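Every number in this text was worked out from the coordinates using simple rules, so none of it is lab data. What you see is a predicted model, and the numbers here were worked out from it, not measured in a lab. Neighbour counts run over all protein chains shown; Cβ positions are idealised from the backbone, glycine included.
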There are 2 protein chains.
Amino acid sequence: MHEQFLQLAVGLANNSVNTGEGGPYGAVITKDGEIIAACTNKVTRRLDPTAHAEVMAIREACRKLNDFQLQACTLYTSCEPCPMCLGAIYWARLERVYFACSRQDAAAAGFDDSFIYDEIPLAPAERSIPMLRLNLDDACKPFELWHDKADKIPY
Amino acid sequence: MHEQFLQLAVGLANNSVNTGEGGPYGAVITKDGEIIAACTNKVTRRLDPTAHAEVMAIREACRKLNDFQLQACTLYTSCEPCPMCLGAIYWARLERVYFACSRQDAAAAGFDDSFIYDEIPLAPAERSIPMLRLNLDDACKPFELWHDKADKIPY
């Protein structure tokens with residue numbers, strides 16, 4: 001069953017290239033063995049660099065389930081998730097992920113997945129996109145307000 | 001100038017909590033010293049676990065510039081980007097990032113940023129959300145099609 005859903009994700013990726021819809025990636029999300037989202041990469045079509053197949057599928061599945069989390073759902077993706085999609089998978093609280101190609105395969109095809117993984121352990125200021133912390137007096141005020149808020153929706 | 005834009009991002013984060021719009025995060029993107037996006041976290045409001053302030057700002061800035069990349073743009077964010085947002089920053093090819101709070105501050109406030117960073121170096125199958133590679137015969141076919149496609153839009 002898992003191979004079948006993963007094969008579908010790879011088929012979506014092939015179709016994405018053949019139709020010119022976007023990059024060579026596809027993703028499927030299932031719940032209780034039923035497909036609830038099947039998406040492809042839409043970065044160039046939607047002018048949205050976050051529109052990777054996995055992110056598209058997470059957004060679509062959340063719309064379907066009317067929830068901002070996807071507990072008990074499984075993601076099948078044609079390629080090992082990049083760091084952005086990996087983060088999205090944790091925030092969505094998916095149960096499990098199956099993938100076909102590796103980040104090295106993606107790198108060989110000209111994509112930055114492996115490069116971004118290599119940037120993560122670097123000190124933020126030393127990354128190729130420098131990430132610099134500035135000291136503001138009230139930097140943590142948003143978290144204090146959040147802590148004190150009685151009617152917040154945790155996520 | 002950088003402190004001013006960062007202060008604005010923190011102010012957006014405060015406002016997000018006070019109005020109940022979403023989580024305690026704000027982000028601003030500038031180009032040539034002009035603000036082109038100013039967004040807050042919308043995870044619970046939009047039922048989209050990827051709707052972090054930085055992702056919202058990247059998508060908004062891309063719409064404004066009618067592009068899927070943000071070269072020569074700077075991101076100011078109330079908190080160090082989580083791995084998802086870090087990935088999005090690389091895919092958007094932003095020039096530089098300034099942040100106020102750290103991932104440890106986010107963790108202390110109950111958010112998973114630091115936890116997700118700790119998961120990344122683990123072997124995919126050993127993560128708390130297991131990520132399992134299955135061997136499919138034609139796993140890399142999408143990348144082959146992409147390689148051979150004459151009229152593709154690289155991104």
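So here's what we get for this one:
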item: Equivalent-ellipsoid semi-axes of the stretch B:79-119, from the Cα gyration tensor, Å, largest first; result: 19, 12, 6
item: The protein assembly as shown: Cys lacking any partner C-beta under 4.7 angstrom; result: A:Cys39, A:Cys62, A:Cys73, A:Cys82, A:Cys85, A:Cys140, B:Cys39, B:Cys62, B:Cys73, B:Cys82, B:Cys85, B:Cys140
item: Kirkwood Rh, angstrom, the protein assembly as shown [1 / mean 1/r, Cα pairs]; result: 19.3
item: Filtered chymotrypsin sites (Phe, Trp or Tyr not before Pro), the stretch A:113-150: DSSP coil and at most 11 other beta carbons within 10 Å; result: none
item: Acute angle (nearest 10 degrees) that the helix B:2-19 long axis makes with the longest principal axis of chain B, alpha-carbon atoms; result: 90
item: Range of Cα positions in the stretch B:1-154 per principal axis (Å), largest first; result: 52, 39, 26
item: Principal-axis tilt of helix A:53-65 within chain A, Cα atoms, nearest 10 degrees; result: 80
item: Cα-based Rg of the stretch A:65-137 normalised by 2.2 N^0.38 Å, two decimals; result: 1.39
item: The stretch A:80-104-the stretch B:87-155 distance, computed between alpha-carbon centres (Å); result: 7
item: Qualifying lysines (Cα of each under 28 Å from Cα of A:Lys141; at least 8 residues distant if same chain); result: A:Lys149, A:Lys152, B:Lys31, B:Lys42
item: Per-pair calculated FRET efficiency, R0 = 51 Å: B:Ser128 and B:Asn15 via Cβ, rounded to 0.05; result: 0.95
item: GNM flexibility winner over chain B from B:Asp48, B:Asp67, B:Asp138 (Cα, springs under 10 Å); result: B:Asp138
item: With Cα atoms, 0 to 90° folded angle of helix B:83-92 axis to chain B main axis; result: 80
item: Test item: Cα-centred dipole of chain A, Lys/Arg +1 and Asp/Glu -1 on Cβ, debye; result: 340
